[in-house]
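*Asks:* Please read through the structure below; I'll follow up with questions.
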Amino acid sequence: MLARLATKRLLEVRQIFRQNHQTSRSFSTALNYHLDSPDNNPNIPWEFNDANKGKVKEILSHYPSNYKQSAVIPLLDLAQQQHGGWLPVSAMDAVAKVVEVAPIRVYEVATFYSMFNRAKVGKYHLLVCGTTPCMIRGSREIEDALLKHLGVKRNEVTKDGLFSVGEMECMGCCVNAPMITVADYSTGSEGYTYNYYEDVTPKRVVEIVEMLRRGEKPPHGTQNPQRTRCGPEGGNTTLLGEPKAPPCRDLDAC
Ligand code: FES
């Protein structure tokens, strides 16, 4: 089964690559790795602005001067905030310069943590969990419903700049699979939030999108009215009474 999935994924990537090549669009908006494009390449100058230069100093002051590289994550976060919610490669290079490491050391971090966006995202970046439990429970159908409803490809931003759809690995809600996260940048990239919507269906994710479009805040957590948080649908079937207290150990007898 895994071999079949890997082959399918490879074909999908090839297909995206071909489509992008034909339309001369930025590769990096559709793929998970970086390829230079007119709006994202190392020749575009980038530096922390005056307001953030003080914050850079403050962040560095938290670490010993010979361990500056420990500041990579907060500095990338600051750079992402300054750049409107995503990290161009020249911003990563600027961070590498500040912490005095080779750029690859910064790329390693930025590519590992999916909260760093390496291409433009919408005000609401919808992340579909693609790991096994969610996939078995229909995450592909969830993603298809979102892409079809919004008329975009994965990692592409809608024309109004409101939405983009990406994929994330397990977000720890497998018991409520399938689930999506909405990275909400609607109040700016400093105060963004990650909101989990669980037990979703293709119909429900479209409803969530439309509520967000209207400026509403859909309730987080399980979207199945038959469940309370991660409890079983229809209520508990075991542990129905008060649990017995554990027997006390006679410590004097030890
Ligand atoms: S597999 Fe989707 S949350 Fe764990």
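The values are calculated or read from the model by the stated rules, or taken from the named source; none is laboratory data. Just so you know, these numbers come straight off a predicted model, no measurement behind them. Cβ coordinates were reconstructed from backbone atoms using ideal geometry, including for glycine residues, and neighbour counts include every protein chain displayed. Ligands, DNA and RNA are stripped out before the accessible areas are found, and what is left, the full protein with its side chains, is counted by its heavy atoms. Shrake-Rupley method; radii C 1.70, N 1.55, O 1.52, S 1.80 Å.
*Asks:* So how much slack lies between Ile104 and Tyr67, counting 0.36 nm per residue of separation and subtracting their Cα-Cα distance, in nm?
*Replies:* 11.6 nm
*Asks:* Then there is this: Compare Arg249, Arg154 by solvent-accessible area with a 1.4 Å probe and give them largest first, with all protein chains kept in place.
*Replies:* Most to least solvent-accessible, the answer reads Arg249, Arg154.
*Asks:* Now, a different point. Can you give me the distance in nm between label points at Tyr113 and Asn236, each placed 7 Å from the Cα along the Cα-to-Cβ direction?
*Replies:* It works out to 3.9 nm between the two label points.
*Asks:* Assuming a ≥ b ≥ c are the square roots of the Cα gyration tensor eigenvalues, decide whether the chain counts as rounded (a/c under 1.5), prolate (otherwise, with a/b larger than b/c) or oblate.
*Replies:* oblate
*Asks:* Related question: When the solvent-accessible surface of protein heavy atoms is calculated with a 1.4 angstrom probe, in what order do Asp199, Asp144, Asp77 fall, highest first?
*Replies:* Asp144, Asp77, Asp199
*Asks:* Using only the alpha carbons of the range 74-128, determine the length spanned along each of the three principal axes and report them from longest to shortest in whole angstroms.
*Replies:* 34, 21, 16
*Asks:* Taking the full set of protein chains and a 1.4 angstrom probe, give the accessible area of Ser139 in square angstrom, rounded to the nearest 10.
*Replies:* Its accessible surface works out to 0 Å², give or take rounding.
*Asks:* Among Pro64, Asn52, Ser90, flag the residue with its Cα farthest along the positive direction of the charge dipole of the range 25-112, charges on Cβ as +1 for Lys/Arg and -1 for Asp/Glu.
*Replies:* Value: Pro64.
*Asks:* List the lysines whose Cα sits under 22 Å from the Cα of Lys53, skipping any in the same chain fewer than 8 residues away.
*Replies:* List returned: Lys68, Lys97.
*Asks:* When the solvent-accessible surface of protein heavy atoms is calculated with a 1.4 angstrom probe, in what order do Lys55, Lys148 fall, highest first?
*Replies:* Highest to lowest solvent-accessible surface, that is Lys148, Lys55.
*Asks:* Could you let me know the centre-to-centre spacing of the range 176-247 and the range 128-143, using Cα atoms, in angstrom?
*Replies:* Their Cα centres are 15 Å away from one another.
*Asks:* I've got another one for you. Taking the full set of protein chains and a 1.4 angstrom probe, give the accessible area of Met211 in square angstrom, rounded to the nearest 10.
*Replies:* Spelled out: Met211, probe radius 1.4 Å, area about 40 Å².
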